[in-house]
1. When the chain is treated as a GNM, springs tying every alpha-carbon pair under 10 Å, which of 60, 238, 96 comes out with the largest mean-square fluctuation?
2. Where does each of 62-74, 199-211, 260-272 land if you order them by average Cβ count within 10 Å, highest first?
3. Among the DSSP beta bridges whose two residues both lie in the chain, what percent are antiparallel, rounded to the nearest 5?
4. Got the relative contact order for segment 215-293 handy, in percent, Cα pairs under 8 Å and 6 or more residues apart?
5. Which ordering of 252, 37, 229 is given by a fewest-first count of other beta-carbon atoms within 10 Å?
6. Based only on other Cβ atoms within 10 Å, what is the fewest-to-most ordering of 2, 23?
7. Report relative contact order for the chain in percent, whole number only (criteria: Cα-Cα under 8 Å, sequence separation at least 6).
8. Using only helices, what value at 222 nm comes out for the chain when you add -39,500 (n - 2.57) per DSSP H run of length 4 or more and divide by the total residues, to the nearest 500 deg cm²/dmol?
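Since every read-out is calculated from the coordinates, none of them should be taken as a lab result. In this text, all values refer to a predicted model and were calculated from it rather than measured experimentally. When we count neighbours, we look across all protein chains shown, and the Cβ atoms used for this are built from the backbone with ideal geometry, even at glycine.
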Ligand code: ATP
């Protein structure tokens, strides 16, 4: 089977973007034939951005409950919390020692942080942790430890998959063929959802619509989406409209075509927002009920996560690390 890997960072409350961009397509794919799916809560990654333990813990519970509420079956897929598999960290070090520093210098996230410092007239590396700099190596370990073939990603992540290939290849070259080289599966049909302010919806921007916001809060948030001041009766542009993009992500092709016509015919913003709210709530309401039961039972979630990691370690991570330790000349732990 093809191995597919998807992670969500435990840096805040999961939102509609995580659902449309990751959870919904991943759960659908896990039901297909010939795939072995790996879903993880990226909590080592969260520490790069969030230094608030309560937030990381809460987010871990919420994201795990979201995956389960959306139909992920932990008996059929690998479902685990990254930090429950400490071999990921050990592999990170082994890869760090073959990763070119020059390659890491060119990583988008690091370069963006440097550019921001330059604009502000600060030192290049002011406020940048080694964690942010090393993030692509941790991500390579996430992928290589299970020899994932396909990593579904948006265009902005292609570079990280290429780095994982590069580090894996260097390691193979030095120590023998241990890693399959992963490929990015570009999700052409998966939209990037805009947030309330029109930027990409992201846990870090505080512009999200939580996936399982209670119904009334969902309604309020949808009504707070920024629109232009085109009055009712005047044609509205679908291009660049956050409202339209959100609608499209939840509606069928026929419903989207009808909404496009309504925009052209000058639907009022209030009306359009009400329709968007109803469309989203129709899909989410049944999942929300399951979510609420799950999130109220942290002990059960904890058990699911621990079981998943324990099985995964015995099956893959521990034997792989034993082979790698031997390959590089470290002591055999067994
Ligand atoms: P952070 O702000 O902490 O980076 P995030 O919410 O932007 O978090 P991640 O946790 O890094 O996102 O991403 C988890 C998954 O959700 C990834 O597959 C990513 O592509 C997807 N995703 C995140 N934001 C969006 C969005 N706005 N639209 C579509 N998919 C998204």
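1. 238
2. 62-74, 199-211, 260-272
3. Values: 2 of 19 bridges.
Approximately 10 percent, going by the DSSP bridge assignments.
4. Result for segment 215-293 is 40 percent.
5. On the way: 252 10, 37 23, 229 6.
In order of increasing Cβ crowding within 10 Å: 229, 252, 37.
6. Listing 2, 23 from fewest to most nearby Cβ atoms yields 2, 23.
7. Taking the mean separation of contacting Cα pairs over the length of the chain, I get 21 percent.
8. Theoretical 222 nm ellipticity from helices: -16500 deg cm²/dmol.
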